[in-house]
Amino acid sequence: MKKTLIFFIIFFLFLTLFSQPKYKQVYTKEELITITRDISIPEALRTLEIMSQQFEGRKIINMSTLTLPIGIPIKQLYWKDALELIIEFNDLILEEQPGVYLIKDLVTEEIIEEEIISEAEMISPDTRQIRISSIFFKADKSLLNNIGIDWSTLYSGEVRASLNFMGASKVTDELFTAAVTTTYESGDVSIDINTLFRIIESNQMGTIIANPTITVLTGKKGYIQIGEDFSVKTVDESGNVTDEFFTTGIILDVTPTILINDNKEVIHLVSTVEKSSATPGAISTVIHKSLSSTEVILFDGEETVIGNIYTTDETLARSGIPILKDLPWWFFGIRYLAGYNRVEKNVREMIIILKAKIIDSVEEREKKDISTKEMIKEIRDSNSEVNEMFNTEEKNTKKDIRNENTD
């Protein structure tokens, strides 16, 4: 009996010893993260980057091209284990470097070399380029309506306008004076657009916002942004705070392609123009956006116009009895009796003029450069010959004079 009891005691101690759970590291609540399976890989990595900087002081740089959902639910998992789980599940590569985690696609070097070679084969010294010149002009809508500009008549830098009205006499007189051609019967004028913009600017009724120029390979996309990016903090379904970035300002996106029609080169231009601004609020940020797109066929050097993009400027003005309306509030409250505040709204229209010009290829520009250098060399050589001839004649003349004096 005693032997049996001792056996059971030893057996129980044996089971108790080996059934104890192994040591498990305990993490704080702040180090645990929950991510749903529907969140995209870039968004999940941005969330994990916040925790990585907080606990390890390392950034997470996402160099992967994957934008798919992570595809696996994560619930109250240590953030670094969650990072490794996402990397392993989506066949990505995680490289630890000083101060940073690099996330890369699992792509072999052979595929990368093939992509580089194929990209290089598409671009050659014979690849044509197009220079896109643009003018962003903003003017009072009422003024443009009164002048009666027909933007569809824009050709070779000139546009037609109807000036047979009684308003804006100063602007009208200046336009009549500066007009290239004038039809007095109808009051129509043809005027250079640069002169038109200069006259409107001089009367403080409009301004040129920007005048950018870019050169784009045929079939490639060109991008211009005049503005700024801002971020808005958002909370996902798991309660994680992330920054979502938005682009605002004047944004021009163009894709020109050279087409050959009856041995003539024309330009197929696809363009999108956006005018946007952000207004932060207590609850949310409001983005005011105007968007316009066009797709046209242009000859080399031809212009096209994008309009009907309006903005409303509000200014606070004070009206009333002069001097009295501007007195301080503590001066018997006279300012409230002698004046009042009013909001002035001014609707402005933004006009975008795009001009597409085909640029010679590298080989053609090199030939022109060589011919120009040869021409300059010929001119210099001819000048040297002329100078030498004059010097010889001058020497002979001086020699003859000396001989005459000797005789």
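The values are calculated or read from the model by the stated rules, or taken from the named source; none is laboratory data. What you see is a predicted model, and the numbers here were worked out from it, not measured in a lab. Because the Cβ atoms are built from the backbone with ideal geometry, glycine has one as well, and the counts that use them run over all protein chains shown. In case anyone asks, the SASA skips ligands and DNA or RNA and just uses the protein heavy atoms, side chains included. Shrake-Rupley method; radii C 1.70, N 1.55, O 1.52, S 1.80 Å.
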Problem - Mean projection area, nm², convex hull over Cα of the stretch 260-308 - result: 4.4 nm²
Handout entry: By accessible area with a 1.4 Å probe, ligands and nucleic acids excluded, highest first: order of His268, His288
Key = His288, His268
Exercise for the section: Over the stretch 20-105, consider all pairs of different Cα atoms and compute the Kirkwood hydrodynamic radius from their mean reciprocal separation; express it in Å, one decimal. Expected result: 13.3 Å
Completion exercise
Probe 1.4 Å, all chains present, heavy atoms only: Ile321 accessible area in Å², nearest 10, is 90 Å²
Problem - Heavy atoms of Glu30 accessible to a 1.4 Å probe, total area in Å² rounded to 10 - result: 110 Å²
Fill in the blank from the handout: Eigenvalues of the alpha-carbon gyration tensor of the stretch 253-353, times 5 and square-rooted, give semi-axes in Å, largest first, of 52, 17, 7
Problem - Largest-first ordering by accessible area, 1.4 Å probe, given options Val26, Val305, Val254 - result: Val26, Val305, Val254
Practice task
Subtracting the Cα-Cα distance from 0.36 nm times the residue separation, let me have the gained length for Lys141 to Thr127 in nm, one decimal.
Solution key: 0.8 nm
Practice task
Taking H placed 1.01 Å from N in the peptide plane, check which residues at least 5 places from Gly222 or on another chain put their amide H under 5 Å from its amide H.
Solution key: Val254, Thr255
Exercise for the section: Please give the solvent-accessible surface of Ile193 in Å², to the nearest 10, using a probe radius of 1.4 Å with every protein chain present. Expected result: 10 Å²
Fill in the blank from the handout: Place a point 7 Å from the Cα of Glu56 in the direction of its beta carbon; the residues of the stretch 73-89 whose amide N falls under 20 Å from it are 74-89
